[in-house]
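Below is one structure, written out as structure tokens; the observations come after it.
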Amino acid sequence: MKELEYPFDPEWMIKKKKSIRKELLEAAEKNGVTFLEKKIAILGGQTTQNIKLVLELFLLNQGIRPSFYESEYNQWFEDGMFPNAELEAFAPDLIYVCTCVRNIIDFPEIADTAETVDQKLANVYEKFVSCWEHLTQAYHCPIIQNNFEYPYFRLMGNKDASDIHGRVNFVTRLNCKFYEYAQTHEGFYICDINYLAASYGLDSWSDPYYWHMFKYAVAVPAIPYLSFNLSNMIKSIYGKNKKAFNLDMDNTLWGGIVGDDGPDNIEIGQETPLAQTYSEFQTYLKLHKQLGVLLTVNSKNDEANALAGLERPDSVLRKDDFVSIKANWNPKSQNLAATAQEMALLPESFVFVDDNPAERAIIAGQIPGVAIPEIGAPEHYIRVLDKSGFFEVTTLSKDDLKRTEMYQENARRNNLMASFENYEDYLLSLEMHAEIGAFVPAYMSRIAQLTNKSNQFNLTTRRMTQENIESCAADPNQITLYGKLEDKFGDNGVVSVVIGRMDGEDLHIDLWLMSCRVLKRDMEFAMMDELVDKAQKAGVRRILGYYYPTAKNAMVKEFYKTQGFSLVSEDASHNTIWEFVIPNKYEKKQHVIAVN
């Protein structure tokens, strides 16, 4: 729903939340949308009802249908620390601790010594830590914790920030301790309401009226901004981030039309205020490569003109920053679809950025799922994209840091393939090496990330947190496998994951997925060979595989058949069960990859 994308009307959303929810659910049913179902516990240090209701709208719009446990007012610590039959029965997939600066009840006083202030700081921090650790031990799920907004008054004026007795100083130090905890604890995330309050305006955000009337520490009109921010964190945890920019060029990457004005006369660089605006935007886009976000071009242009714009000495972005450049006169919807296919990504992985409303409307009408922000004037491009949360970071793996390089290496592999008549000879020429083994700590984060991001080559589409992955690895009744693939062009990183649950002589495959980046390189057969070897050593005689169809994973419908499985059953929803009886002498299926 376009009205739930940034920038939105918060007051309309608060007023119409029930009808919006109804409309979202009806649209999903009409379009056959399969939601990701998640149970979210909200432990509040303030009233949270509207936060919950608006959060549900954003999550539904992002493909996640939540159910909620909501603590009683200001019972966050009691619910988090002590036995709670209702919360235990709810078994949350994620916990949100919605506290605020008003939950700090022991601020420094002017007469306090430095030691007393430090002790007060430690007391507040340790109270939160004890709650977090109990929640982790009891529920083994991700935790999102608010940091603290600044107090709505400064007793000492500007000195409140620098003096140890100042509340601003105290909150700043406490926030830093929260950040240090987040840096050293997987599955723990900070919801930065300190930034949100500053962006919204602290006086308005912390309006005391809403606290004294309703016990909302965040003003009711600001709630959609908090809920939207929180929804972006949740959809990131569960693999719903976008993966790539699809960028127009003329009046988007630079000012002017390069084909008409010539590369020397477009607005880029430092000569004019408008040129500086476009240079800053290019810098902002280029920074995304550090997060693993892919940059692609989709421009109605002659390719030579487009490249000439990127070759200007003062252009921040260069040809090599992009994994795909489509500068031609084809419809942009056609270009975007072709780019997605070439990169083995779903079209919904893209954020289409174009200054032309007509082009945005065409993409919206022809390619559902693509994010199409209303970017406005050039000076607003960064703000709109940044606040939209398309690429919210909750984890950052080594593979993320080199994703652009990986896709460029893939292009070189495809170019090499064209020179071979025999496909097996091409695969052998890649000089592939695979590392396949049981889950190890070094790869837990990447494995969890893959389970949440892989949609097309994912047989059961099961989503798992890092805590779930670690639990599987520690379970002696589970067989786990990760697969890394490297060749002469580069290292693809961890690209495949298998999890099987043993039951007597049977092994049930709960998860089998692979990155589409390495399709058709026989990695799936290498994983099968290793799986059979592990299963045999564990006394398994039969492997059972499950395929649950979605709108996105049709490509693996016959996967088990290609691996030598036999179809056991198929229900009315086309969910299938397959079996593979392990022969006494198993013959390996792949011969082009050197394993381990």
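Provide the convex hull volume over Cα atoms per residue for the range 40-161, in Å³.
125
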Gyration tensor (alpha-carbon) shape descriptor, the range 489-556, a/c threshold 1.5:
oblate
Using the Karplus curve 6.51 cos²θ - 1.76 cosθ + 1.60 with θ = phi - 60°, work out ³J(HN,Hα) for each residue of the range 391-399 in order, rounded to whole Hz, and write x for Gly and Pro.
10, 3, 9, 10, 9, 9, 9, 4, 5
Tail beyond 49 Å, pair distance distribution of the chain (Cα, percent)
17
First check a/c for the range 206-253, with a ≥ b ≥ c the square roots of the eigenvalues of its C-alpha gyration tensor; if it is under 1.5, answer rounded, and if not, answer prolate when a/b is larger than b/c or oblate otherwise.
oblate
Ignoring everything except DSSP H segments at least 4 long, calculate the 222 nm mean residue ellipticity for the chain; use -39,500 (n - 2.57) per segment, divide by total residues, nearest 500.
-12000 deg cm²/dmol
Greater than 28 Å apart at Cα, pairs in K22/K557; K52/K387; K127/K402; K488/K552; K332/K453:
K22/K557; K127/K402; K488/K552
Rounded to the nearest 5, the percent of antiparallel DSSP beta bridges in the range 234-352 equals 5
Kindly work out what percent of the DSSP beta bridges joining two residues of the chain are antiparallel, to the nearest 5.
45
For K120, the lysines lying under 30 Å Cα to Cα, once residues fewer than eight places off in the same chain are dropped, come out as K159, K177, K215
Cα gyration tensor category, rounded, prolate or oblate, for the range 366-480 with a/c compared to 1.5
oblate
Carbon and sulfur together cover what percent of the accessible area of the range 245-384 at a 1.4 Å probe radius?
50
Near the amide H of S67, under 5 Å away, which other amide H atoms are found, from residues 5 or more places off or on another chain, if H is placed in the peptide plane?
K38, K39, I40
Could the peptides 567-578, 491-502 be put in order, highest first, of the mean number of other beta-carbon atoms found within 10 Å of their residues?
491-502, 567-578
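Can you give me the relative contact order of the chain as a percent, contacts being Cα pairs under 8 Å and 6 or more apart?
10
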Average accessible area per residue (Å²) across the range 231-326 - probe 1.4 Å, nucleic acids and ligands excluded:
38
Averaged per residue, what accessible surface does the range 447-596 expose to a 1.4 Å probe, in Å²?
42
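The values are calculated or read from the model by the stated rules, or taken from the named source; none is laboratory data. Just so it is clear, the model here is predicted, and its values are computed rather than measured. A quick note on method: Cβ atoms are made from the backbone with ideal geometry, for glycine too, and the neighbour counts reach across all protein chains shown. Accessible surface areas use protein heavy atoms only, side chains included; no ligands, DNA or RNA. Shrake-Rupley method; radii C 1.70, N 1.55, O 1.52, S 1.80 Å.
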